[in-house]
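Following: one structure in structure tokens, then a few remarks.
The values are calculated or read from the model by the stated rules, or taken from the named source; none is laboratory data. Since we're looking at a predicted model, the values are computed, not measured. Glycine gets a Cβ as well: all are built from the backbone with ideal geometry, and neighbour counts include every protein chain shown.
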Amino acid sequence: MVDGTVSSQTAANWLGRWDAQQERYVADREERFAVLGDVVEAHIAGVPEPVIVDLGCGPGSLAARLRERLGEARIIGIDADPLLLGLARGHYGERAEWVEADLGGSAWRDAVPSAIHAAVSTTALHWLLPDQLTELYRALARLIVPGGVFVNGDHLRHGDEPLAALAKTVRERRVVRAGFEGSEERDFAPPESTGRSGGMPRWPTRSWRNWGVPGMGVRTTATTR
């Protein structure tokens, strides 16, 4: 098991490989991070000591970039993978609070204050089953203060197969143009070894709308995969 004692140099080496591998799948990854930061920064402007939660933070790539932009914020990164959190602690240290918890359950809520100003996530929540995702949305609706924001920079799968094939072609050619076609492949573990859904579910529209919280509205901007 990897914990916070992993050396800074070891963590930096693995984080370099992680970032290169991630760019293989999201060639405009840094731009995506920048846009997420723009949205959060605009919504928390003027808020003293805002609380930002990074859902499925992995090794801390997004949380660390938010720290660079939002120095007064309290940033909490949550992930179920102790290995990735060990890398985050080893490389980024106290730039954020790193919490091991499964977003598919309810325990993660105990690690965050009762009121948060922003929640973010990127290429992570597609691992949740639809019912888990709906419950997470409901929890965020209760936790995020009025005027706060939830920004999800995830991939959404197309229900139409020809459109999905076209999106795949566009993504692959974008990777080539960005020069990341030689990066390491992602190692997807089988569903039975992770306890996860094993792929990206098609999220029904009702999962976005029926949170059971009066007055909550939704606007979505989906990226393709």
Hits in region 39-72 (condition: under 16 Å from residue 143 (Cβ atoms) and of a type in the set (S, T, N, Q))
none
Of these, 102, 131, which one is surrounded by fewer than 18 Cβ atoms within 10 Å (Cβ to Cβ) and under 16 Å from the mean Cα position of the chain (by Cα)?
102
Residue 75 fails exactly one of the following numbered conditions: (1) assigned to a strand (DSSP E or B); (2) touching a Phe, Trp or Tyr at 6+ places or on another chain (Cβ under 8 Å); (3) among the aliphatic types (A, V, I, L, M). What is the number of that condition?
(2)
For residue 28, which of the numbered conditions (1) within 25 Å of residue 167 (Cα to Cα); (2) buried (at least 17 other Cβ atoms within 10 Å of the Cβ) fails to hold?
(2)
Considering only region 46-58, I want to know if a residue exists there that is part of a loop (DSSP other than H, G, I, E, B), on the phi < 0 side of the Ramachandran plot, among the small types (Gly, Ala, Ser) and buried (at least 21 other Cβ atoms within 10 Å of the Cβ).
no
Against the definition (small (Gly, Ala, Ser), at negative phi and at pLDDT 90 or above), how does residue 27 come out, yes or no?
no
